[in-house]
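Step one of this worksheet: look at the structure below.
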Amino acid sequence: MEVKLHTVPSLVSKLSSVSSQTRADALKELRLITKLEPDSRPFVAESGAIPYLSETLFDSSPYLQDDAAATLLNLSISCRDSLISTQGLLDALSHSLRQHASPSSSPSAVQSSAATLHSLLVVDDYRPIIGSKRDIVYSLIDIVKCPNSPPRSVKDALKALFGIALYAPNRIALVELGAVPTLFTLVVKDGRVGIVEDATAVIAQVAGCEESEEAFQRVSGIRVLADLLDLSTGSSLRSKENAVGALLNLATCGGDWGLREVREEGMGVVDGVAEVAENGGTKAKSKAVALLKVIDGGSGCITSVFRDPRFDSLLNQTS
């Protein structure tokens, strides 16, 4: 570590060199140090590396972009305050994301930039800051929408969108910028389990705002979510859990249309909801019980139609 204390300032100073080769060599070494030496990350940040790394995301070289973005991602694990307080960092990350379809862009730099945002979004206080940057939100949605985006780019973008959606006021911007049709297109057309799971996780959060109701209507969202709960579709348990959360949010946060549609479509997939209530995680179980009660509406229609004793037990639980 003593060696690193002397090496890091020298490497950081080389990031401002007029020689692209000198900058490239310094970037590669800083990337390696911050990956393999977690204790070095605060020292790298304190040595003034972050502004140079941010500026490098605007460079025309995809190799320099890649090393700079990966180093920022490494720093984001330990130095989130230093990153978010650096002027221009979010603009640099936004630029990297916007270039995702450009031939001069590095796909791995785009992925690291999205992953850096996801890392920053772990901090509650940063969610309104990042969510207020509509260019970032738009670019993340565009990565998900683009048919040529690598799977890793899509997954990293979805994780960042999920972090943004955890702050309730951000959900309106997600709806306004077209997240709902983009996410549902992914669910309907993409067969990759992990991506469908990540997309439905974002959908469940976005469903928690009243402004999403019209967007869900346009894409027959409630029917698509109900299909995920149909035992014959073979959806993963995590996708089912997310569908339950989305339907519950639509029924409780939306208007009369949401409640009516959830009850109507939900009656056809109560077995799937019951599966989540019995086998899901702790929070998912509670939401599934609450959704069954919403579908039943206190009328006893579930037990009268299905005559299955397990529904009596579930409906009598405290959600």
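The values are calculated or read from the model by the stated rules, or taken from the named source; none is laboratory data. Quantities reported herein were computed from a predicted structural model and do not represent experimental measurements. Positions of Cβ are backbone-derived with ideal geometry, glycine not excepted, and every protein chain shown enters the neighbour counts. Ligands, DNA and RNA are excluded from the accessible area calculation, which covers all protein heavy atoms including side chains. Shrake-Rupley method; radii C 1.70, N 1.55, O 1.52, S 1.80 Å.
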### Query
When T303 is evaluated against the numbered criteria (1) over 22 Å from E213 (Cβ atoms); (2) open to solvent by 50 Å² or more (accessible area, probe 1.4 Å); (3) of a type in the set (S, T, N, Q), which criterion, by number, is the only one it fails?
(2)
### Meets criteria (within 17 Å of G131 (Cβ to Cβ), at pLDDT 95 or above, touching an Asp or Glu at 6+ places or on another chain (Cβ under 7 Å) and not acidic (D, E)) for V175
yes
### Query
From the list S119, S113, S104, S108, which one is within 26 Å of L75 (Cα to Cα), outside any helix (DSSP H, G or I) and touching a residue at least 12 places away in the same chain (Cβ under 8 Å)?
S104
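Got a sec? Which of L314, L291 is crowded, with 16+ Cβ neighbours inside 10 Å, touching a helix residue (DSSP H, G or I) at 6+ places or on another chain (Cβ under 8 Å) and either hydroxyl-bearing (S, T, Y) or more than 25 Å from F216 (Cα to Cα) (or both)?
Details: L291 fails: either hydroxyl-bearing (S, T, Y) or more than 25 Å from F216 (Cα to Cα) (or both).
That would be L314, the only listed residue that is crowded, with 16+ Cβ neighbours inside 10 Å, touching a helix residue (DSSP H, G or I) at 6+ places or on another chain (Cβ under 8 Å) and either hydroxyl-bearing (S, T, Y) or more than 25 Å from F216 (Cα to Cα) (or both).
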#### Entry: Qualifying positions in region 12-23 - touching a helix residue (DSSP H, G or I) at 6+ places or on another chain (Cβ under 6 Å) and in contact (Cβ under 8 Å) with a residue 24 or more places away in the chain
V12, L15
### Query
Restricting attention to region 129-178, which residues are over 24 Å from F216 (Cβ atoms) and not hydroxyl-bearing (S, T, Y)?
I129, I130, K133, D135, N148, P150, P151, R152, D156
### Message
I'd like the full set of residues that are of a type in the set (V, I, T) and either modelled with pLDDT of 95 or more or open to solvent by 80 Å² or more (accessible area, probe 1.4 Å) (or both), limited to region 1-32.
### Response
V3, V12, V18, T22
### Query
Within region 39-59, is even one residue in contact (Cβ under 8 Å) with a residue 24 or more places away in the chain, farther than 20 Å from L89 by Cα and open to solvent by 30 Å² or more (accessible area, probe 1.4 Å)?
yes
### Query
Any idea which residue in region 177-235 is farthest from V276 (Cα to Cα), counting only those that are surrounded by 24 or more Cβ atoms within 10 Å (Cβ to Cβ) and polar (S, T, N, Q)?
S212
### Message
What's the number of the only condition in (1) crowded, with 18+ Cβ neighbours inside 10 Å; (2) within 23 Å of L73 (Cβ to Cβ) that P150 fails to meet?
### Response
(1)
#### Entry: Criterion (within 19 Å of V175 (Cβ to Cβ), assigned to a helix (DSSP H, G or I) and touching a Gly at 6+ places or on another chain (Cβ under 9 Å)) met by exactly one of L225, L247
L247
